[in-house]
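Right, one structure below, let's go through it.
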Amino acid sequence: MTRKLNGIVLLMVLALLAGCASSGVEIPDAVQEKLIWSSASERPAWTMMEPEGVEDGMLTFVGTSVRHATEQGAREDARRNVTTAVVKYMGTLVKDKFEQASVSYGASSSVVDPTTSARQFEKQLATNLAAQVKVKQWYAEKWQIPTGIGYQYFAQAKVPANAMDAEFKKLVKQKAQQAAKDAKQASDAVSKDQAEKASEFWKKMQEEKLVE
C-alpha cells in the first residue's frame, strides 16, 4: 500500500512540474551558484598550477579554500591548504628518494622503510614549515550560493628550496644517529647487522640533496 501511495505522489509531482514548464513558469534550479565578484577579470592561470622545479631558489605551490561565509575564513583556509600541499608534495618526494636510494644501496625494508621515514618527514615539516611558507599572490572570488554568500580564496606561496633540503638533512641525521645507537644496543647479531646497515645507509643519504 505504501509503495503504491509513493508512486501516486511521484506522478503528481511530475505532472505539476510538466504543467509549470508548459505554462512558462520558471522552475528554480536545485542549486543556484553564481560568481558575483572576483579580484581579477578572470581566474589567473597560476591557480591551476602544479608544483614544478626550482626557480630562483624557490618552489611554488598553490592552495585553494572551500567557500566560506567570511573573507578571513577563506584566506585562512587557503593558507592552510597551501601549507598542506607543501607537506604532502615534499613527503612524496622524500619517499621516492628513499625508495630509489634503498634499491641502489641494496637495503631491504627491514633496514630502511621509505614509507615510515616519509611520514616522519611530513610530521617534521608540518611543525617547522609555518615560517617558511610565504604567500606571494592572492586571488579571491565572491559567490552567490544557496545558503547566502560564499568567499573562495586562492593562495600562491613560495618556499625556499634550501629550507626543504635543510629539513631533509635534519631528518637523515636523526635517522643515522638513531641507527648507530640501535647498533650499540642490539641484543643479537641479526639486529646489530641490520642497525649497522641502516646507519651506513643514512650516513650516505646525508650527502644527497632532496630538491634538485
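Structure notes:
- The stretch 53-93 - residue that is part of a helix (DSSP H, G or I) and among the hydrophobic types (A, V, I, L, M, F, W, C) and, of those, nearest to the chain's Cα centre (by Cα): Ala85
- Selected residue (only one of Lys209, Lys203 is surrounded by 15 or more Cβ atoms within 10 Å (Cβ to Cβ), within 30 Å of the chain's Cα centre (by Cα) and among the basic types (Lys, Arg)): Lys203
- Per-region count, the stretch 168-193, residues in a helix (DSSP H, G or I), over 18 Å from Gly53 (Cβ atoms) and open to solvent by less than 40 Å² (accessible area, probe 1.4 Å): 6
- Glu50 being outside any helix (DSSP H, G or I) and without any contact (Cβ under 8 Å) to a residue 60 or more places away in the chain: yes
- Restricting attention to the stretch 48-98, the residues that are of a type in the set (Phe, Trp, Tyr) and open to solvent by 30 Å² or more (accessible area, probe 1.4 Å) add up to 1.
- Of the criteria (1) in contact with a Gly (Cβ under 8 Å, 6 or more places away or on another chain); (2) open to solvent by 20 Å² or more (accessible area, probe 1.4 Å); (3) closer than 30 Å to Gly73 by Cβ, which one Ala155 fails: (2)
- Long-range neighbours under 6 Å by Cβ, at least six apart or interchain, first residue among the β-branched types (Val, Ile, Thr) within the stretch 77-100, second open to solvent by 30 Å² or more (accessible area, probe 1.4 Å): Val87/Glu122; Val87/Ala126
- The residue of the stretch 32-47 that is surrounded by the most Cβ atoms within 10 Å (Cβ to Cβ), among those that are among the small types (Gly, Ala, Ser) and not in a loop (DSSP other than H, G, I, E, B), is Ser38.
- Single condition Gln132 does not satisfy, out of (1) outside any loop (DSSP other than H, G, I, E, B); (2) closer than 30 Å to Arg67 by Cβ; (3) open to solvent by 40 Å² or more (accessible area, probe 1.4 Å); (4) among the polar types (S, T, N, Q): (1)
- So Val135, is it modelled with pLDDT of 90 or more, under 15 Å from Ala163 (Cβ atoms) and not hydroxyl-bearing (Ser, Thr, Tyr): no
The values are calculated or read from the model by the stated rules, or taken from the named source; none is laboratory data. It should be emphasised that the depicted structure is a prediction, and the values quoted were computed from it without experimental measurement. Note that each Cβ is placed from the backbone with ideal geometry, even for glycine, and that neighbours are counted across all protein chains shown. Note: accessible area is taken over every heavy atom of the protein model, side chains too, but ligands, DNA and RNA are not part of it. Shrake-Rupley method; radii C 1.70, N 1.55, O 1.52, S 1.80 Å.
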